[in-house]
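Asks: Sending over a structure as structure tokens; questions will come in a sec.
The values are calculated or read from the model by the stated rules, or taken from the named source; none is laboratory data. Because the structure is a prediction, the values reported are computed rather than measured. FYI the Cβ positions are ideal-geometry reconstructions off the backbone, even for glycines, and counts take in every protein chain you see. We work out accessible area using only protein heavy atoms, side chains counted, and drop any ligands, DNA or RNA first. Shrake-Rupley method; radii C 1.70, N 1.55, O 1.52, S 1.80 Å.
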Amino acid sequence: MLVNGRWTDDWQPVQQADAQGRFIRQTSGFRSRIGGDNGRDFPAVAGRYRLYAAYICPWASRVLIARRLKRLESVIDVVMVDPRLSPQGWALTGAFGTDLDPSLQAQYLHSLYSHADPEYTGRATVPVLWDTSAETIVNNESADLLRILDEDFDALTPGTPRLHPPHLAAAMTETEQWLYRDFNNGVYQAGFASTQQAYEEAVERVFSALDRLEQRLSRHDWLVGSQLTGTDIRAFVTLVRFELAYRDLFRCNLRPLSDYPGLYRYVDRLLSIPAFAASVRPDQIKAGYYSIKRLNPTGIVPMGPQLTSTALGGLDRPVQA
């Protein structure tokens, strides 16, 4: 991580843990918006911003999906980092179908953080929205970035669907609270638990969340209301990685997702939407997660499972990015 703008130690997956061995996630350090009262320094201008992302990362994939749904491909460029975690964290190698850094010619993402704030202390995470004019980070919080892409560039992409419709705000907030606590972050609390108690608590929450999702999606097409929203994006990015990484590597293996027919159909339907399918690169997802030495010291990447467009396995039509 960075301490006062300097890289100090090899990358480790566990940022912080409590006394019971429960994984605690770091809070994001850059929280500006585009335009508006709190973002006057960052105008909504096409070509000014770059999104740094990784296909392994569900938080970054949220933003990749929103970028395509909002038709911002010609407005915001994307730089893909190498999915394999290096001793200095995310690297910009140009290998494995990823990119070299066009901003600072940096080898590692943490160089952008220390350039943006020479005294920055913390982890260098994706996603990052980078301002190429000011050479600084606008925002590195995926929840904020979903809102930024949904709302702050409206003048440049009129007529695109609203991912956070005001009339569903309260229901989305309620659903996203337990979805994050028990599922999106719950799989990480299971995978990075350092005690049996913490692991079992996390896994129970993960499968309780899957049960709640199944109850909703066995009767309805969408998680909130009768339309696609940002809540569906939040659920999808964890569901699509479940069989690829969380079931085995994170030991979330009480039941397979095939036991949840409503969820199975839901993921299949979302994978039929190009913005969702393009965010899924199974080879990069597996290479990234299985590069975490604490969980997989040998570095061996499993050959399966075969992710298909019929949800998470079993049929013969692979997802094309």
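Asks: On the basis of being more than 21 Å from Ala54 (Cβ to Cβ), surrounded by fewer than 18 Cβ atoms within 10 Å (Cβ to Cβ) and under 16 Å from the mean Cα position of the chain (by Cα), does Arg162 make the cut? Show your work before the answer.
Replies: Values: more than 21 Å from Ala54 (Cβ to Cβ): yes; surrounded by fewer than 18 Cβ atoms within 10 Å (Cβ to Cβ): yes; under 16 Å from the mean Cα position of the chain (by Cα): no.
No: the conditions fail for Arg162.
Asks: Now for a different question. Return the residues of region 121-136 that are surrounded by fewer than 22 Cβ atoms within 10 Å (Cβ to Cβ) and in contact with a strand residue (DSSP E or B) (Cβ under 8 Å, 6 or more places away or on another chain); say none if nothing qualifies.
Replies: Selection gives Thr121, Gly122, Arg123, Asp131, Thr132, Thr136.
Asks: Return the residue satisfying two criteria in turn: it lies in region 207-229 and is under 22 Å from Ile65 (Cα atoms) and of a type in the set (S, T, N, Q), and of such residues it is most open to solvent (accessible area, probe 1.4 Å).
Replies: Ser226
Asks: Which one of Glu200, Glu204, Glu176 is part of a helix (DSSP H, G or I), out of contact with any His (no Cβ under 9 Å at 6 or more places or on another chain) and crowded, with 18+ Cβ neighbours inside 10 Å?
Replies: Within the list Glu200, Glu204, Glu176, the selection yields Glu176.
Asks: Could you say which residue among Ser103, Ser61 is open to solvent by less than 30 Å² (accessible area, probe 1.4 Å) and closer than 20 Å to Arg281 by Cα?
Replies: Within the list Ser103, Ser61, the selection yields Ser61.
Asks: I'm checking my understanding of the structure. Among residues of region 285-311 that are open to solvent by 30 Å² or more (accessible area, probe 1.4 Å) and among the polar types (S, T, N, Q), which one is modelled with the lowest pLDDT?
Replies: Residue satisfying both the conditions and the ranking: Gln306.
Asks: Identify all residues within region 79-97 that are touching a residue at least 40 places away in the same chain (Cβ under 8 Å) and part of a loop (DSSP other than H, G, I, E, B); write none if there are none.
Replies: Of everything in region 79-97, those that are touching a residue at least 40 places away in the same chain (Cβ under 8 Å) and part of a loop (DSSP other than H, G, I, E, B) turn out to be Val81, Pro83, Arg84, Leu85, Pro87, Gln88, Phe96, Gly97.
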